[in-house]
1. Evaluate the distance, in nm, between pseudo-label points positioned 7 Å from the Cα of ASP160 and of GLU208 along their respective Cα→Cβ axes.
2. List the residues, sorted by chain then number, that are 5 or more residues from PHE302 or on another chain and whose placed amide H is less than 5 Å from its amide H.
3. In whole Å, how far is the Cα centre of segment 314-375 from that of segment 230-256?
4. May I ask you to compute the full-extension gain from ALA45 to ASP276, defined as 0.36 nm times their residue separation minus their alpha-carbon distance, rounded to one decimal in nm?
5. Distance between Cα centroids, segment 267-307 to segment 124-184: provide it in whole Å.
6. Quote to one decimal, in nm, the extra length available between ALA135 and GLU324 on full extension: 0.36 nm per residue of separation minus the C-alpha distance between them.
7. Give me, ordered by chain and number, the residues 5 or more places off SER181 or on other chains with an amide H under 5 Å from its own placed amide H.
8. Using the Kirkwood radius over C-alpha pairs as Rh, can you work out the diffusion coefficient of the chain via Stokes-Einstein at 10 °C, viscosity 1.306 mPa s, in µm² per second?
Amino acid sequence: MQDQSQPQGQAWIEFDPHDPGFAETGIPFDTLAQIREQRVYRTAAGAWYVARHDDVAAVLTDVDAFRADLGPITGIPAGVETIPAEQHYLSEIAEPRHKAIRRLITASMSSARLARLEPRLRDVCGRMVEAMIAAPVANLHDDYAMAIPAFAMAHVMDLDESAVAHFTAWSWDGTLLQRPSSPDVSSAGPASHVFFAEYLAAQRALPEPSNDLLRLLIEARIDGVPLSDAEIVTQLHFLIQAGVHTTRALLTHLYNRLVQDPALWRTLADDRGMIDRFVEESLRRDAPVQRTTRRCTRHIDFAGVAMRKGDLVEVGIGSANHDETRFEEGASFRLDRPNPRAHLAFGAGSHICPGAALARLEARISIEVLLDRVERAEAIAGAVYPPIPGSLGHKPVPARLVPRAAAGDI
Ligand code: HEM
C-alpha cells in the first residue's frame, strides 16, 4: 500500500536510515539509488531523507534554514532546542558563535601539530604492526583501527597516553554518544565529561595552563565573555566523538578491503602514490558518516516538498557519494576517478570537517607502515568479514600478516 506520508505520486520504498541491521547486512545502496530517483523520501519516523548529491550539498551549506541536530543520536529525539545551550556540540551552534569557537578548536589541528604527530604515529603504528605479525591471527579492527584514532586525538589535544585508553573505551561502550541531558546519564555527565571537567579544573589551578588547547579555550572571549566550564567540556567531548568513531570506521573500511583484495594490496605496495587515491575512493564509496541530521528552522520548499519548521532532515552523505550524475558507476570502487575528492564524506559549507587532514594522515601513515612491514595479509578461511561500509559495528577484521623478509633472511 502506498504510504500516505510519502510525497505525492511516489512509490513506497522501505528504508530506515537508522536500521542497526546495516552493521550486519551493509548499506542498501540499491534502495538509496531508488530514493535518488524520486529525490526525497519520508521516513517512517517522519523525517525527510535527502539523497542526491546536489541536494545534500545544498542542505549542508544552508545553515540558516537547516540547523544541525544530533539530539536523536544522543537519545534526545525532541532535538537541539530542548538541550541546554552549554551542551550544544560545535556543529549545532549557530553563527556567529560557531565560527568563533571553531577557530579555537581548529588550532589543535594546525599543520605544524600534524607534522609533529607524523613520526610518532609512524612509530606507534610500527609497534602495533609488529604485535599483529606476532599474533597467530591479527585483528585489524581491534588492534589497529581502534587504537590509532585514540592515539592521534590524545596527541592533538596535548594529553598524555593515559587518555588513549579512555578514548578507546568510550568509543566501544557508547559514552561518546551521551550528553549530560541524555536519558540515564548522571548530572555530572558521561564519564568523558567527568574526565575533562577534572582536567580543566587542574589546568585552571595552574598559574599558566600547560595545555595549549585548554589555554586557548580558557583565555578565549566571545563578545567579551569567557566560555563556561560546561561549554569547554562539551566541545572537548565532542572532539573525541567526532574524531575517534569516524576515523575508526574509515580505517576499518580500508584494512577490511585490503585484506579481502590481495590485488589491491599489491597495487599499493608497488605504487605508494596510489594510497591517497585509495583513501579518497574509500571515503567516497564507503562514507564513514553515512548521514547527518538537520532540523528545519523555518518552513521551506526544498527538493519538491514542503518542509515545515521543526522537521528533521536526514542528510544522505553516503547516498550523495554514489550519485551517478556525479560519479560514473557510483557503486564501484575505482582508483582511477578523475575527481577523487569530489565526495561529501567530510560534509560541506561552514561546518565541513576540520579533522579531515588528520583523518587522511592517520589513514596514509597506517597503510604505509603496513605495506613497509607486511608482504601480504591473508584472509582467514571461514571468517565472516563485516560489510563495507560497516561503520556502525565494532566487528573484527581477522587476517594472518606475513612479514616482509628481512634482508638477511633471503
Ligand atoms: C574519516 C574521519 C572523519 C569523517 C568521515 C568525518 C566526517 C565529518 C562530517 C560529515 C562532518 C560534518 C557534520 C555535519 O555537518 O553535520 C564533520 C564535522 C566535524 N568533524 Fe569530522 N570527520 C572525521 C574525522 C574527524 C576528526 C579526526 C576530527 C577531530 C580531530 C573531526 C572533528 C570534527 C568536528 C569538530 C566537526 C564539527 C565542525 C563544525 O561544526 O564546524 N572529524 N566531520
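1. Placing both labels 7 Å beyond Cα along the Cβ direction yields 2.0 nm.
2. Residues meeting the amide H criterion: MET307.
3. 16 Å
4. Between ALA45 and ASP276, full extension yields 79.3 nm more.
5. Using only Cα atoms, the two centres lie 24 Å from each other.
6. So the chain would gain 63.8 nm between ALA135 and GLU324.
7. For SER181, no residues qualify.
8. 71 µm²/s
No lab work stands behind these numbers, since they all come straight from the coordinates. Here the structure is a predicted model, which is why all the values come from computation and not from measurement. Glycine gets a Cβ as well: all are built from the backbone with ideal geometry, and neighbour counts include every protein chain shown.
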